[in-house]
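Report on one structure; see the data block that follows.
The values are calculated or read from the model by the stated rules, or taken from the named source; none is laboratory data. Values in this document were obtained by computation on a predicted structure and should not be read as measured data. Cβ: placed from backbone, ideal geometry, glycine included. Neighbour counts: every protein chain shown.
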Amino acid sequence: MSVSLTPGSLARLLGEWNVGAAPAYRELADVVRLLILDGRVGLDVALPSERSLAAALGISRTTVTAAYALLREQGFLSSGQGSRSRSCIPSQGPVHAGGLDGALRLSGAPGLAVPDGILDLAYASLPASGEVVHRAFAAALTELPALLPGFGYDALGVGPLREAIAARYTAAGVPTTAAQILVTSGAQHALNIVLRTLAGRSGTKVLVEHPSYPNALDAIRAASCRPVPVAMPAATAIGARPSGRVHGGRVHSAGGNGPAHNGAGGWDLEAMETALLQQRPAMAYVVPDFHNPTGRLMPDSQRRRLVKAAAASGTVLVVDETLRELNLDGGASTPMAAFSPAVVSLGSLSKSHWAGLRTGWIRASEPLIQRFAAARTTLDLGGPVVEQLAAAHLVNAMTEPLPARLAALRANRDVLVELMRTHLPGWEPEWPDGGLSVWCRLPAPISTALAVVAPDVGIRLAAGPRFGVGGAFEQYLRLPFTLPPEQLETAVLALRSAQDRLEAAPQLRRNLSAPPAAAIA
């Protein structure tokens, strides 16, 4: 059964659509098409009937009928005999050599090193907090001899690290024991263990935010699961105000200590509740703490609603907290597990300290941890011991490297936003409350085209469709602010060159951006 969009929900998404610039049916079709391309209307969503939408909008049914017909002709709606029209992406169109899959490989497949001379904007990751990490490994080597008489296999993880992680959760208001922690080789490994345990059957539904973390979407597909995307509402772009930063309608001083709300953004809890009720997914994967890619922070009121809705639908709520420590604007939030013992939490040191550590974890109830450990032994028999001993020192002193790293990230964020305002005035970045990147709306659906030509101007990009399902987000791009300011300037100037190249060759842009037959399954 498809997720259904009510007439009132679609009317709310349409906003002020009838501005008189074209016939009403065409304006209505244009806005609906944009909502689908932006991911604000997910794919395979049943739209309201022509009669009910006409009543909700106060227009004639003939206008809605003509708009739906145009969208079907363009390939953005599909419908069968007696069924409601459903959103989709066109299945035909000119494609550059290699198709969209080739473009996505060019834009940075997971685990591929960046070529020499290319600035990497495909990854949102920091270099190591060098001295802190080095000191932790030095301490770990002194502790290693005590463990050498053992076999070295431990599917749950070494005791000191599990105890340190449990203590962090307890201090954050989520009482946790070491028996509720499973140490993994990073958060991606953790997610794969959870998927294998909770969604092991082919076709199992997994609810995801739309957009979402691309490597998580890859893991869901690799597990033969069916992602159920729920669109996140559009957010107010950063405004231009010389006296300070602006986002969500609020002005922020250069110090970065203002409110952390995205005024028109957040999560569409009504849509998530509807999807949970209608689809009954086995699992939901969400990133409420500085969401990747938007950087949003979910307020506690929405966390409570989501936990309640997941419980009512029998869905296991899996929460990715990898970016939780990268709180740039001081926004307060409660860990999702504080609202329910059934929540499964994923964490990692990759974003706060260094991706090269490959240390992550799962926090869950003891019975679930035992199930995860059993599933884990089909993948590996445990993680490297020295790395875990070093990670225990880093978790116990988690705040040591963070102030300096957060200050540098705030400065980089300001630099990137100002550079875009100066050199890419048609781009609409969303202010991130935290995390490592800016989610930006482009002036046209050229994300894949930019990713394809980017290496020619010295950069590598992750195209917007990498963050969605079915080819959505062609008009969006994620830009990390993890590079130093001088490299960010070089990168933004390269983006401007890439955009100018596409504008000077409209046919090239059309060929590279047209939605291909196999967008993203």
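Tabulated values for the structure
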{"quantity": "Check on A375, part of a helix (DSSP H, G or I) and assigned by TED's automatic domain parsing to the domain that holds L207", "calculated": "yes"}
{"quantity": "Test: residue in region 162-176 that is under 15 Å from V319 (Cα atoms), assigned by TED's automatic domain parsing to the domain that holds M298 and under 26 Å from the mean Cα position of the chain (by Cα)", "calculated": "yes"}
{"quantity": "Of the criteria (1) in contact with a strand residue (DSSP E or B) (Cβ under 7 Å, 6 or more places away or on another chain); (2) more than 14 Å from A275 (Cβ to Cβ); (3) in a loop (DSSP other than H, G, I, E, B), which one L43 fails", "calculated": "(2)"}
{"quantity": "Residue within region 342-360 that is among the aliphatic types (A, V, I, L, M), modelled with pLDDT of 95 or more, in a strand (DSSP E or B) and assigned by TED's automatic domain parsing to the domain that holds L195 present", "calculated": "yes"}
{"quantity": "Subset of region 289-303 (residues that are more than 17 Å from L349 (Cα to Cα) and part of a loop (DSSP other than H, G, I, E, B))", "calculated": "P293, T294, G295, R296, M298, P299"}
{"quantity": "Residue tally, condition in a helix (DSSP H, G or I) and either in contact with a Lys or Arg (Cβ under 9 Å, 6 or more places away or on another chain) or among the acidic types (D, E) (or both), over region 54-80", "calculated": "10"}
{"quantity": "Criterion (under 28 Å from R441 (Cβ atoms) and either part of a helix (DSSP H, G or I) or polar (S, T, N, Q) (or both)) met by exactly one of L306, L277, L323", "calculated": "L306"}
{"quantity": "A332 vs. criteria over 22 Å from R296 (Cα atoms) and of a type in the set (G, A, S)", "calculated": "no"}
{"quantity": "For T63: the one exception among (1) more than 30 Å from C440 (Cβ to Cβ); (2) in contact with a helix residue (DSSP H, G or I) (Cβ under 9 Å, 6 or more places away or on another chain); (3) touching a residue at least 40 places away in the same chain (Cβ under 8 Å)", "calculated": "(3)"}
{"quantity": "Single match in P465, P506, P455 (criterion: in the same structural domain as R441 (by TED's automatic domain parsing) and either crowded, with 24+ Cβ neighbours inside 10 Å or modelled with pLDDT of 95 or more (or both))", "calculated": "P465"}
{"quantity": "Test: residue in region 172-186 that is farther than 15 Å from G360 by Cβ and out of contact with any helix residue (DSSP H, G or I) (no Cβ under 7 Å at 6 or more places or on another chain)", "calculated": "yes"}
{"quantity": "Unique residue being at pLDDT 95 or above, of a type in the set (D, E, K, R) and either outside the structural domain of C440 (by TED's automatic domain parsing) or touching an Asp or Glu at 6+ places or on another chain (Cβ under 7 Å) (or both) when the list is R296, R245, R241", "calculated": "R296"}
{"quantity": "Positions within region 388-401 being part of a helix (DSSP H, G or I) and in contact with a Lys or Arg (Cβ under 7 Å, 6 or more places away or on another chain), in sequence order", "calculated": "V395"}
{"quantity": "Scope region 43-77; condition under 11 Å from L10 (Cβ atoms), modelled with pLDDT under 90 and not aliphatic (A, V, I, L, M); matching residues", "calculated": "none"}
{"quantity": "Selection count where residues are of a type in the set (S, T, N, Q) and under 14 Å from V343 (Cβ atoms), scope region 284-301", "calculated": "0"}
{"quantity": "Region 376-385: number of residues that are touching a Lys or Arg at 6+ places or on another chain (Cβ under 8 Å) and at pLDDT 90 or above", "calculated": "0"}
{"quantity": "Positions within region 108-126 being closer than 24 Å to H189 by Cα and either modelled with pLDDT under 85 or in a helix (DSSP H, G or I) (or both), in sequence order", "calculated": "G108, A109, P110, G111, L112, A113, V114"}
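Every residue, every condition in (1) surrounded by 15 or more Cβ atoms within 10 Å (Cβ to Cβ); (2) out of contact with any strand residue (DSSP E or B) (no Cβ under 6 Å at 6 or more places or on another chain); (3) at pLDDT 95 or above, yes or no:
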position	(1), (2), (3)
A364	yes, no, yes
E387	yes, yes, no
L394	yes, yes, no
A411	yes, yes, yes
L424	yes, yes, yes
E428	yes, no, yes
S437	yes, no, yes
